Each structure stands twice: as C-alpha cells, then as structure tokens.
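The values are calculated or read from the model by the stated rules, or taken from the named source; none is laboratory data. None of the values given here were measured: they were computed from a predicted structure. When we count neighbours, we look across all protein chains shown, and the Cβ atoms used for this are built from the backbone with ideal geometry, even at glycine.
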Amino acid sequence: MSNTSSNVTKAEALAQVQALIAGTNKHFPNGQFTLGNTAYTTATLVQVLQSLVEAMTACVLADAFLRHRGQTGGGAFQPGDAPARR
C-alpha cells in the first residue's frame, strides 16, 4: 500500500492512518518503538495515532459541511451559525 503521489485526499490519508493503527495492533500487539529519541509502546503509539484520526475526521466533516453549504446556496456563514456570547 504505497502511494508515491502527493495527491492523496484527506479521506484517503485518514483511511491510511486507520489502517496503520489496525496493522500496528495486529502485527505488534506488545511492540516497542523508538521514534526520534522518544520510546513508544504499541498502546501509546496507537493513542497518538487515534488523536490524529479524530482531528482528521473533524477536518473531513467540516470540509463536507462547507461544501454542502456552498452547493445549497447557504454561503460560508450565516448569522445563526456561531453560538451567542453571554
């Protein structure tokens, strides 16, 4: 699963990180890794990668929302979009 192209979509990159998590759990359930000068166990590495997945998912969903708003003529933002300050 090697992509030499830099034209990977956000959704494809998200799927790749999810596959990396699954493969790491499957093949190295008790592994220890050193990245740079920091040691990680499989559990801590997966936790970091899961945080990345959550951030990427939020980005993909926000992009989809904004694309939908543009297609429906909703514009970028409407007065009711932001929560009111108290």
Do the conditions hold for Val60, that is, is it assigned to a helix (DSSP H, G or I) and in contact with a strand residue (DSSP E or B) (Cβ under 9 Å, 6 or more places away or on another chain)?
no
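Listed here are the residues, each with its yes/no results for (1) modelled with pLDDT under 95; (2) over 25 Å from Val60 (Cβ atoms).
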{"position": "Met1", "(1), (2)": "yes, no"}
{"position": "Val8", "(1), (2)": "yes, no"}
{"position": "Leu14", "(1), (2)": "yes, no"}
{"position": "Thr24", "(1), (2)": "no, no"}
{"position": "Thr38", "(1), (2)": "yes, yes"}
{"position": "Thr42", "(1), (2)": "no, yes"}
{"position": "Gln47", "(1), (2)": "no, no"}
